[in-house]
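*Asks:* Pasting in a structure now, in structure tokens, and then I'll have a few things to ask.
The values are calculated or read from the model by the stated rules, or taken from the named source; none is laboratory data. Not measured: the values here are computed from a predicted model. Reconstructed Cβ throughout: ideal geometry from the backbone, glycine too, with neighbour counts over all protein chains shown. The protein model used for the area step is the full one, side chains on, heavy atoms only, and it has no ligands, DNA or RNA in it. Shrake-Rupley method; radii C 1.70, N 1.55, O 1.52, S 1.80 Å.
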Amino acid sequence: PKTFLSLPVRAQFAATHGYFRTTALLLAALSISIVIATEFHKKGPFQAAPVLARVRARLLPNEATSKLVSRGLGMEGRSSACWLLDRRVRSIIRPKSSASAKGPMSWEDLSEKANKREFLRDFTVRKYPVAPTTVSGVVAEETEASNPASTRKVILYRDTNAWCPFCERVWMALLEKDIEFEQCLIDLFDKPDWYKELVPTAETPAISINGKVFWESAVILDEIEKAFPTPSLNPRKKEEEELASRIKNICEDAEDGLGVRGYGYMRSNVTTEEEAKTQFEKVLSKLESELSVFEGPFFLPHFSKVDILVTPQLERFNSNLAHFKGFQIKGNKAYPKLTEWYKAMDKKASYRAVKSDDKTLNQLMSKIFRLSAPKKVSPEATLRKGHPRREAAAKLVANYDAVAADIVKNAGIGKNEKSRSAVDIHLRRVVLALLEDDPGIPSKSASEAAVGAASLAFLRNRVSSPRDMTAAAAEEFRSAVDSVLLATYDGGHAQEE
């Protein structure tokens with residue numbers, strides 16, 4: 001390290017003597033390589049960025065040092081040195097994989113690298129063309145789901161895409177109470193006749209408990225508490241029951257409730273927007289006030305079904321209003337209690353398993369309400385490493401056949417063997433980007449690159465959370481797709497030299 005810290009001075013000294021210039025550069029490169037290798041060994045494969053930052057900071061710590069180096073080596077020499085440094089850093093941090101040397105890794109190798117079996121042990125993987133092909137939890141057999149009186153199992157009937165906010169309430173309650181249950185996924189656009197006979201409203205969610213079927217999310221939450229009283233999600237004291245009643249009214253008021261005012265603001269135009277915003281802020285102020293009644297981040301002294309009741313709407317408004325109206329709830333100084341509530345909810349494993357991500361929610365609302373382009377886009381989440389990436393990789397590996405078939409069918413790329421091959425190559429590059437931060441070498445074939453880019457652009461907007469993967473994994477998945485797209489459009493000139 002001492003040698004490294006003094007490197008710029010020595011390099012400058014040597015560079016003033018043209019005879020030693022080449023020797024100085026070689027010694028510098030060797031010293032840099034040793035430091036990078038040492039740091040990289042300590043940090044591990046998913047901590048490469050801090051290593052690179054530290055190396056750059058030591059090499060060119062300030063503007064004065066940069067000028068000294070420039071004066072000694074000349075601008076052309078300095079540019080060459082920096083270019084060599086970048087190339088060397090990339091080769092150490094992202095060593096050439098089999099994808100670089102021999103083309104993309106095989107699906108068998110990627111499956112083993114993604115540890116598919118470990119990350120999908122809590123999921124049901126179904127055969128294409130059944131959709132979705134990966135389902136969190138256990139999927140009930142239709143013979144039992146259509147005749148729940150024949151079994152004592154708890155069966156949750158929810159929408160196929162996991163977009164329904166009312167299903168989210170029930171799903172989260174079951175997970176929070178650690179109740180064993182199976183799921184039956186109902187296609188809202190093609191509901192089976194047996195479901196219409198089983199549930200009078202024909203809506204989701206519904207649930208079968210001990211052979212008896214209940215519907216409407218608020219009713220279901222009460223029935224779950226009756227059948228499985230511990231751990232309790234109910235209010236425990238009179239004042240808690242009173243607050244729970246007030247929150248329920250805020251959520252369900254047909255004229256002045258959270259949903260009415262929130263969606264009213266979202267759909268407002270230039271003429272009505274200011275008034276709609278004011279009315280929504282009044283509802284938020286009520287929730288902020290209720291959160292101040294008891295100590296702690298939740299509405300009651302403990303996490304309860306009151307929190308579950310408001311979660312889907314607050315989750316959606318936090319994403320949608322920031323995107324379409326530039327209005328922030330979480331982090332807004334006017335709502336410090338709500339901000340703490342959001343943070344506390346993000347720590348709940350039951351919520352993380354069922355929550356969606358901003359991209360999915362904004363695409364969904366855009367389709368439902370035909371909303372125009374956003375006024376202000378929320379900042380993109382920073383890239384996170386670790387389990388979400390591996391989950392996304394495992395999901396893509398497990399569902400390769402379904403994903404590839406969906407792209408070929410719907411992305412408008414052509415259905416010939418050449419297109420299928422291009423799709424396969426680019427999907428494998430996405431998996432590698434998730435596992436190694438390596439988007440791979442772009443194709444030298446312009447047509448293959450074009451098909452790949454179109455396929456990934458389609459796939460980026462196709463993935464949905466929590467239908468396909470958790471919100472954290474969906475963010476990592478899109479980041480990986482973006483990295484492959486960027487490399488594809490860049491053309492890979494630096495890698496080919």
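*Asks:* Hey, among ASN269, ASN249, ASN332, which residue is under 28 Å from the mean Cα position of the chain (by Cα), open to solvent by 30 Å² or more (accessible area, probe 1.4 Å), farther than 25 Å from PRO466 by Cα and of a type outside the set (Lys, Arg)?
*Replies:* Only one candidate qualifies: ASN332.
*Asks:* Evaluate the following for ALA202: is it under 32 Å from the mean Cα position of the chain (by Cα), over 30 Å from PHE294 (Cβ atoms) and free of Cβ contacts under 8 Å to residues at least 12 places away in the same chain?
*Replies:* Yes; evaluated as a whole, the condition is true for this residue.
*Asks:* Starting from residues that are part of a strand (DSSP E or B) and open to solvent by 60 Å² or more (accessible area, probe 1.4 Å), keep the ones in the stretch 80-139 and report whichever is modelled with the highest pLDDT.
*Replies:* The qualifying residue modelled with the highest pLDDT is VAL138.
*Asks:* Which residue out of LYS153, LYS196, LYS226 is under 23 Å from THR133 (Cα atoms) and either part of a helix (DSSP H, G or I) or of a type in the set (Lys, Arg) (or both)?
*Replies:* LYS153
*Asks:* Looking at PRO148 and the list (1) over 28 Å from the mean Cα position of the chain (by Cα); (2) modelled with pLDDT under 70, which single condition is not satisfied?
*Replies:* So the condition that PRO148 fails would be (2).
*Asks:* May I pose another question? Under 19 Å from the mean Cα position of the chain (by Cα), more than 30 Å from LYS347 (Cα to Cα) and in a loop (DSSP other than H, G, I, E, B) - does that describe any residue in the stretch 439-448?
*Replies:* Checked against the condition, which is being under 19 Å from the mean Cα position of the chain (by Cα), more than 30 Å from LYS347 (Cα to Cα) and in a loop (DSSP other than H, G, I, E, B), the stretch 439-448 yields at least one hit.
*Asks:* ALA202 - would you say it is assigned to a loop (DSSP other than H, G, I, E, B), of a type outside the set (Val, Ile, Thr) and open to solvent by less than 50 Å² (accessible area, probe 1.4 Å)?
*Replies:* Yes: the conditions hold for ALA202.
Each row is one residue, and each column tells you yes or no for (1) closer than 23 Å to ALA471 by Cα; (2) touching a strand residue (DSSP E or B) at 6+ places or on another chain (Cβ under 8 Å).
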position	(1), (2)
VAL125	yes, yes
SER136	yes, yes
GLU141	no, no
SER150	no, no
PRO165	yes, no
GLU225	no, no
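*Asks:* If you take just the helices (runs of 4 or more DSSP H) that sit entirely in the stretch 287-406, which of them hold at least 3 residues that are modelled with pLDDT under 95?
*Replies:* Of the helices (runs of 4 or more DSSP H) lying wholly inside the stretch 287-406, those with at least 3 residues that are modelled with pLDDT under 95 span 305-324, 349-354, 358-369, 387-398.
*Asks:* Does TRP171 satisfy the criteria of being outside any strand (DSSP E or B), touching a residue at least 40 places away in the same chain (Cβ under 8 Å), of a type outside the set (Gly, Ala, Ser) and more than 17 Å from ILE308 (Cα to Cα)?
*Replies:* no
*Asks:* Shifting gears a bit: Being closer than 19 Å to ALA114 by Cβ and open to solvent by 50 Å² or more (accessible area, probe 1.4 Å), is that true of even one residue in the stretch 430-453?
*Replies:* Yes, some residue in the stretch 430-453 is closer than 19 Å to ALA114 by Cβ and open to solvent by 50 Å² or more (accessible area, probe 1.4 Å).
*Asks:* Also: State the number of residues belonging to the stretch 296-326 that are under 18 Å from TYR265 (Cα atoms) and either open to solvent by 10 Å² or more (accessible area, probe 1.4 Å) or not aromatic (Phe, Trp, Tyr) (or both).
*Replies:* 15
*Asks:* List pairs: first residue in the stretch 184-195 and closer than 18 Å to ARG467 by Cα, second residue of a type outside the set (Gly, Ala, Ser) and at pLDDT below 90 anywhere in the structure, Cβ distance under 6 angstrom, at least six positions apart or on different chains.
*Replies:* Close Cβ pairs (under 6 Å, with a partner that is of a type outside the set (Gly, Ala, Ser) and at pLDDT below 90) amount to LEU185/THR160; ASP187/THR160.
*Asks:* Let me confirm something: among ARG236, ARG261, which residue is buried (at least 16 other Cβ atoms within 10 Å of the Cβ) and either touching a residue at least 40 places away in the same chain (Cβ under 8 Å) or not small (Gly, Ala, Ser) (or both)?
*Replies:* Sole residue among the options that is buried (at least 16 other Cβ atoms within 10 Å of the Cβ) and either touching a residue at least 40 places away in the same chain (Cβ under 8 Å) or not small (Gly, Ala, Ser) (or both): ARG261.
*Asks:* Is it fair to say TRP163 is open to solvent by 40 Å² or more (accessible area, probe 1.4 Å) and modelled with pLDDT under 90?
*Replies:* Yes; evaluated as a whole, the condition is true for this residue.
*Asks:* What are the residues in the stretch 462-489 that are of a type in the set (Asp, Glu) and open to solvent by less than 10 Å² (accessible area, probe 1.4 Å), if any?
*Replies:* Selection gives GLU476 alone.
*Asks:* I'm trying to understand the selection: among the residues of the stretch 272-295, which are of a type in the set (D, E, K, R) and surrounded by 13 or more Cβ atoms within 10 Å (Cβ to Cβ)?
*Replies:* Those that are of a type in the set (D, E, K, R) and surrounded by 13 or more Cβ atoms within 10 Å (Cβ to Cβ): GLU273, LYS277, GLU281, LYS286, GLU288, GLU290.
*Asks:* Applying the selection to the stretch 205-218, what residues are under 12 Å from ALA173 (Cβ atoms) and surrounded by fewer than 19 Cβ atoms within 10 Å (Cβ to Cβ)?
*Replies:* Answer for the stretch 205-218, where residues must be under 12 Å from ALA173 (Cβ atoms) and surrounded by fewer than 19 Cβ atoms within 10 Å (Cβ to Cβ): just ALA218.
*Asks:* For residues in the stretch 182-195 being surrounded by fewer than 20 Cβ atoms within 10 Å (Cβ to Cβ), under 26 Å from the mean Cα position of the chain (by Cα) and not aliphatic (A, V, I, L, M), which is modelled with the highest pLDDT?
*Replies:* GLU182
*Asks:* Condition first: closer than 16 Å to GLU108 by Cα and acidic (Asp, Glu). Now tell me which residues in the stretch 401-427 satisfy that.
*Replies:* Those that are closer than 16 Å to GLU108 by Cα and acidic (Asp, Glu): ASP401, ASP424.
*Asks:* With respect to VAL403, determine if the residue is under 24 Å from PRO388 (Cα atoms), among the aliphatic types (A, V, I, L, M), under 19 Å from the mean Cα position of the chain (by Cα) and crowded, with 21+ Cβ neighbours inside 10 Å.
*Replies:* yes
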